[in-house]
Each structure stands twice: as structure tokens, then as C-alpha cells.
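We did not get these values from a lab; they are worked out from the coordinates using the rules stated. It should be emphasised that the depicted structure is a prediction, and the values quoted were computed from it without experimental measurement. Here the Cβ positions follow ideal geometry from the backbone for every residue, glycine too, while neighbour counts run over all protein chains shown.
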Amino acid sequence: MSKNGKVAIVTGAGGGVGKAITRRLSHEGCRVVLVGRDRAKLSKVVAESKDNKNLLAISANISREAEVLSVIEQTISTFDTIDILVNNAGILNDPVPFHLMSEDQWDSLLSTNLVGTFQTTKAVLPIMMDKRNGNIINVSSLLGIRTIPSVPLSIYGVTKAGIIMFTKSIAVEYGPYNIRCNCIVPSTIRSPMIEPFLQDEKARSLLESSFPLRRIGDPEDISGAVSYLCSEDAKWISGTNITIDGGLSAR
């Protein structure tokens, strides 16, 4: 799939990874719709872009069907079509032992990480089916494949494991419509959320030493994989997980 002129929706576009994905796709010729809850963050990404006439920022809660459908309507009204969906939005809770988690904590994780991915995917599929062409990229986590000893993130891991299986199911069910669906599975990526931890030199060194490549990931490591999956070089890749973890899962 040539990216020049393609229309991509990126959820969670106000965060570090979402911003990197938006910039990469825009630089490569895509018209990009940035979706997130924080309009100020989205507006900042647009303002910092050199080609902001091909960017559209929409504030929305992706777990709510009506708001997702509004995103689709505004995208079609502005750019006429949808070629790519990047389901990047997600939240991470503070580590809590499973038996101490409240129902509200469960619901928050399930609503954003799973239901949000379901809603956006469901909304774009009819458009892609009519075109008989489309590309969906989901962002999961290494915690959807393995756990970290002494770090209780059970429900978060369940949501990310669900995204991995959801990817496979969509790839098989909608492959006959020439719709591809793949999943990116990252480990620790540098973000504002972990920056305070990285300020501690000993803590940073300990974390970095756990990776065979001796560093944590950058948002651009994810945007590069998204770019590849949107390219012609990946036109026969579907239902696949791409693990981006500095070699950690090979240990």
C-alpha cells in the first residue's frame, strides 16, 4: 500500500508513541486524523507539524460508540475515505494485586484498551469492505504475552492479550476483503510516564541492562514498524505480531 495520499486514523495521538506515528505517516505523505481525549495535546501536535493542512485533530472517547462514529463522519467529510487505522490508544494502571482491584479499575482498563479498539475497528470496517482495501494496526504490549515477576498488572495484561487475539481474528475474517490486520507488541517505550523513573541513574541502568540491546525503546521504534506495515513491502503480511522489545522476549 503506497502511503502517499492515504488517509490514516491514529488513536491516542496526543501521547509520545501516537505523536511519533502521526509525524512519521504525515512525513511519508499520509493525511492523518489524530484522535484522543485531550484536545490541547492534539492541537499541539498539529501546530508543531510542517504540513498541518493534512492533519485533522478530533477529541473523542473511543470507548463510546457515538463519539467514534462522529470521528468517522468528520474524517469522511474532510478526507473522503479511510485507508489506515492505527489503534494506539491505551492506558496502564498502577500495579495492584488482582484481589485488591476494584470493579472501576477493571472497567477503565477494559473500556479503553479493549472496547475502544473494538469500537474503532468496527466503525472503519464497512468503509474498508466497500473499498475492498484496508490496513488495521493494533498496538498491544509484551505484557499481553508474558508477565513481570513482582509487578501485578493482571488485567492490563489480559486486555493486551485480547488485542493480540483480536488481531488474528480480524485478519482471518476480513482478509477476503483485502483488509490486513497486524499487531505491534512493544516492551518499555520511553514516555513522559516513565521519565521520572529514568532520572534515577541506578534505576535507569538496571532497567536498560535487562534488555539485550541495553536500552529501552523510543517512540520512533514503534512508528518505524507502523510505517513498514503500511508500506507495499508488507502487502502480504496479515495476522502477525511484530515484537519490538530490544531482544527481551528472546531471553
Report relative contact order for the chain in percent, whole number only (criteria: Cα-Cα under 8 Å, sequence separation at least 6). 20 percent
Among M129, M165, M101, whose mean-square fluctuation peaks in a Gaussian network model of the chain (Cα, cutoff 10 Å)? M101
Any DSSP H helix in the chain with Cα axial reach of 20 Å or more and mean Kyte-Doolittle score of at least 0.5? Listed by number, the hits are 65-79, 154-174
Using alpha carbon centers only, the stretch 76-92 is separated from the stretch 117-143 by a whole-angstrom value of 8 Å
Highest GNM mean-square fluctuation among P126, P212, P196, for the chain with Cα springs under 10 Å, belongs to P196
Gaussian network model of the chain, springs between alpha carbon atoms under 10 Å - residue of A40, A171, A123 with greatest fluctuation: A40
Quick check of the Kirkwood formula: for the chain, what is the inverse mean of 1/r over all pairs of different Cα atoms, in Å? 18.4 Å
With runs of 4+ DSSP H residues as the only contributors, calculate the mean residue ellipticity of the chain at 222 nm using -39,500 (n - 2.57) per run, divided by the residue total and rounded to the nearest 500. -13000 deg cm²/dmol
I want the local charge near Q119. Using Cβ-Cβ distances under 13 Å, sum +1 for each Lys or Arg and -1 for each Asp or Glu among the other residues. 0
For the stretch 122-251, Kirkwood radius (reciprocal of mean inverse C-alpha pair distance, Å): 16.1 Å
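With +1 on the Cβ of every Lys and Arg and -1 on the Cβ of every Asp and Glu, and nothing else charged, how large is the dipole of the stretch 7-250 about its Cα centre, in debye rounded to the nearest 20?
Numbers: 24 positive and 25 negative charges, 66 e Å.
Computed about the Cα centre, the dipole is about 320 debye.
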Burial-style ranking of 77-84, 222-229, 130-137, 14-21, average other-beta-carbon count within 10 Å with highest first, yields 14-21, 222-229, 130-137, 77-84
On each of the three principal axes of the Cα atoms of the stretch 176-251, give max minus min coordinate, whole Å, ordered largest first. 51, 27, 16
